[in-house]
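Heads up, the thing below is written out as structure tokens.
The values are calculated or read from the model by the stated rules, or taken from the named source; none is laboratory data. What you see is a predicted model; the values in this text were computed from it and never measured. Note: ideal-geometry Cβ built from the backbone for every residue, glycine included; neighbour counts use all protein chains shown.
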Amino acid sequence: MSNKIAPAHIHILIVLLLSISQVVADEVKVATVNIDKLLLHYRAADKELSYLKSGRDRYLRDSNTRQKKINSLALDIKEVYAKLKSKAIPRSERDQLIDQRENLIKQYKALANEIKQADGAQATATKQKITSATRRILDQCKLTTDEYAKSNGYQWVIETSGTTSSQVSPLIYARHAIDITDEVLAVLNEVKSQ
């Protein structure tokens, strides 16, 4: 008996393997989800963003108040300089104006420094808050997608928003993929509204 496989046996083996792989492929459930759409319509994400925006707006109002004060000090300094240029003022008044000018300049510099430091601190804090909020929201989206996929028998869920470095979705084609974005969004919004 020879160890060679007859061509007829190879043909039968190929047909068998192809039919088995088709059965296995037909049993694999694949779905897609668009994270951008989830983030755009997820009410908890919108609420978090609104909270961060209101904090930013409060800071901008405070910053505008400080900026008005610094502008006022600049005008006061300019006015004192104009008075000092006048040659017809007594020595005592000139000394008072010089002291006033120095005091205004100190206030101006202190406030300018305060604004610079506050702006830097605000930018850092805002970036940290946004990063943290984004991480929490994305974690919730992923967890909800995982739970939905498991409870509905999906073996694969592929993200399709196109946020790869090339801005092309990692999913180019899927023959039997079902988009579950709306279903996951409904679960996300249902959980948060209870």
Next on the checklist: Scan the stretch 80-87 and tell me whether some residue there is at pLDDT 90 or above and either of a type in the set (Val, Ile, Thr) or surrounded by 14 or more Cβ atoms within 10 Å (Cβ to Cβ) (or both).
Outcome noted: yes
Checklist entry - Could you say which residue among Ile115, Ile137 is within 30 Å of Leu188 (Cβ to Cβ), surrounded by 11 or more Cβ atoms within 10 Å (Cβ to Cβ) and within 38 Å of the chain's Cα centre (by Cα)? => result Ile137
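Let's see how each residue does on (1) more than 15 Å from Val187 (Cβ to Cβ); (2) at pLDDT below 70:
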{"residue": "His11", "(1), (2)": "yes, yes"}
{"residue": "Val15", "(1), (2)": "yes, yes"}
{"residue": "Ile20", "(1), (2)": "yes, yes"}
{"residue": "Glu27", "(1), (2)": "yes, no"}
{"residue": "Val33", "(1), (2)": "no, no"}
{"residue": "Asp36", "(1), (2)": "yes, no"}
{"residue": "Arg43", "(1), (2)": "no, no"}
{"residue": "Asp46", "(1), (2)": "yes, no"}
Checklist entry - Do we find that Gln107 is modelled with pLDDT of 90 or more, part of a helix (DSSP H, G or I) and within 30 Å of Gly55 (Cα to Cα) in this structure? => result yes
Next on the checklist: When the residues of the stretch 110-124 are narrowed to those that are of a type in the set (Gly, Ala, Ser) and modelled with pLDDT of 90 or more, which ends up farthest from Leu60 (Cα to Cα)?
Outcome noted: Ala110
Item to check | Long-range neighbours under 8 Å by Cβ, at least six apart or interchain, first residue in contact (Cβ under 8 Å) with a residue 40 or more places away in the chain and closer than 16 Å to Thr65 by Cβ within the stretch 110-128, second of a type in the set (A, V, I, L, M) and part of a helix (DSSP H, G or I) | outcome: Leu111/Ile70; Leu111/Leu73; Ala112/Ile70; Ile115/Ile70
Checklist entry - Is there a residue being under 25 Å from Leu40 (Cβ atoms), at pLDDT 85 or above and surrounded by 11 or more Cβ atoms within 10 Å (Cβ to Cβ) anywhere in the stretch 167-180? => result yes
